[in-house]
Structure formats: C-alpha cells, structure tokens
Amino acid sequence: MQATESKTPLETLITWFEDAEEATEAARKKSERDRDYYDGNQLTPAELKTLTDRGQPDVIINRIQSKVNYLVGFEATNRTDPKGFPRTPQDEGAAEACTDALRYVEDSAELKPKFSNVWENMLVEGYGGLELLVEEKTDTATGQPRREIAGVEWDWD
C-alpha cells in the first residue's frame, strides 16, 4: 500500500497486530524456552543423543522449578486481604463498605489460586494478568450481574 493512501480502521488494526507480533517474537521464544526449563525439558535433542551415544543418563536436577515453586508459595503465604482506606474521618463507613465489597469479590471469584497462577506465569514467562468480565446476564440465584475474573494466558493465540 502506498503511503499516500489512507487505511481503513480494520487495516490499521491488522498492521498494529502484525507489528506487535513481530516485535515480541524473540521474547515469546524465550518465554517458551523458560517454560520448558521449568518443566524439566532442558536438553535439546542433539544433547540427548550425545548423552545416549556415550551411555550417560539424561539426569536433570531442576533447581529452576524448586525456586519458582518456593516463590509461589512465599507469595501465597504473604498475600494480604484487600482493604479500602478512608480519605477523611467521615469516610470510614464507606471504606468499610469498600473493604467488604472487595473481599466479597475476592471470595466469590476464587481469586487466590488465580493470583498464584498469574504470579507463576510472571516468574517463568515474564507475562501474566487477570481480566474482569461483567456479563449482561444476571445470576438467577442472586439477581445480580454475573462477574467472572479469568486468567489471561501468557501465550494466548
């Protein structure tokens, strides 16, 4: 496309996506390698063949996995509950209501294991996140809008 032609919004979005995909290719490959290391897949096929030809066992002492697991457990044991703070002394009631609401969402969405999964992704691959989804439909039991908090996978396609 020539520089003088204007792009449609869809073409612009496609260009942005392709640019982002190209710009992050090396980082994604390193993230995949890092996940393999965490999972214990640390030897290439050529290295495995060399060991087999020598008659040596392919023993891996995976210190990466034990360190990541330690840090995930450390985060879980040191996690704090959400709390709302008042801006003025008159706002203490509102802060307590905010705290109650935050803790309700945390419990109802079962956030604690999701936090741990995101933390593991951040330690291993370097990416992680959660997405809050509020559906238009209401929950039949409570009559409230349905909320879901879903993990965003680091390698989503």
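The values are calculated or read from the model by the stated rules, or taken from the named source; none is laboratory data. The structure presented is a predicted model; accordingly, all values stated were derived computationally and were not measured. Glycine gets a Cβ as well: all are built from the backbone with ideal geometry, and neighbour counts include every protein chain shown. These accessible areas exclude ligands, DNA and RNA; they are computed on the full protein's heavy atoms, side chains included. Shrake-Rupley method; radii C 1.70, N 1.55, O 1.52, S 1.80 Å.
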Give the aspartates and glutamates reachable from K30 as a straight Cα distance under 17 Å; neighbours fewer than 8 places away on the same chain don't count.
E21, E22, D39, E120, E125, E153, D155, D157
Rank P113, N62, P86 by how far each Cα sits towards the positive end of the charge dipole of region 22-132 (+1 on Lys, Arg Cβ; -1 on Asp, Glu Cβ) and give me just the farthest.
N62
Coordinate range along principal axes, alpha carbons of region 7-63, Å, largest first:
61, 24, 12
Could you state the angle between the C-alpha long axis of helix 25-39 and the longest principal axis of the C-alpha atoms of the chain, as a value from 0 to 90 degrees rounded to the nearest 10?
80 degrees
Reachable aspartates and glutamates from K83, Cα under 14 Å, same-chain residues fewer than 8 places away excluded?
D91, E92, E96, D100, E106, D107
Per the 1.4 Å probe, what fraction of the accessible area of the chain, in percent, lies on carbon and sulfur atoms?
54 percent
Over all pairs of different Cα atoms in the chain, the reciprocal of the mean inverse distance gives a Kirkwood radius in Å of 20.5 Å
So for R0 = 30 Å, FRET eff. of T99-T140 from the Cβ-Cβ r, to 0.05, ends up at 0.60
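Mind pulling the per residue volume of the convex hull built on the Cα atoms of region 93-148? Å³ is fine. Walk me through the intermediate numbers first.
Working: hull volume 6.0 nm³, N = 56.
Enclosed volume per residue, from the Cα hull, is 107 Å³.
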Over the Cα atoms of region 50-91, what Rg and Dmax result, in angstrom?
23.7, 76
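Kindly provide the helix-only [θ] at 222 nm of the chain, computed as the sum of -39,500 (n - 2.57) over DSSP H runs of four or more divided by all residues, to the nearest 500 deg cm²/dmol?
Values: 6 runs with 87 residues, N = 157.
Taking each H run of at least 4 residues, the total per residue is -18000 deg cm²/dmol.
May I ask you to work out the translational diffusion coefficient for region 71-113 at 10 °C, viscosity 1.306 mPa s, via Stokes-Einstein with Rh from the Kirkwood sum over Cα pairs, reported in whole µm²/s?
Numbers: Rh = 11.6 Å.
Rounded, D is 137 µm²/s.
How big is the charge dipole of region 1-72 about its Cα centre, in debye rounded to the nearest 20, if each Lys and Arg gets +1 on its Cβ and each Asp and Glu gets -1 on its Cβ? Before the final figure, lay out each step's value.
Values: 10 positive and 14 negative charges, 109 e Å.
That gives a dipole near 520 debye.
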If the cut-off is a Cα-Cα distance under 17 Å, which lysines reach K67, setting aside same-chain residues fewer than 8 apart in sequence?
none
Compute the length gained on full extension between K114 and Q42: take 0.36 nm times their separation in residues and subtract their Cα-Cα distance, giving the result in nm to one decimal.
23.2 nm
If you fit an axis through the alpha-carbon atoms of helix 9-23 and take the longest principal axis of the Cα set of the chain, what angle between them do you get, 0 to 90°, nearest 10?
50 degrees
Working from Cα positions, state the angle (0 to 90°, nearest 10) between the long axis of helix 45-54 and the longest principal axis of the chain.
50 degrees
Leaving out ligands and nucleic acids, note down the accessible area per residue over region 1-130 with a 1.4 angstrom probe, in whole Å².
77 Å²
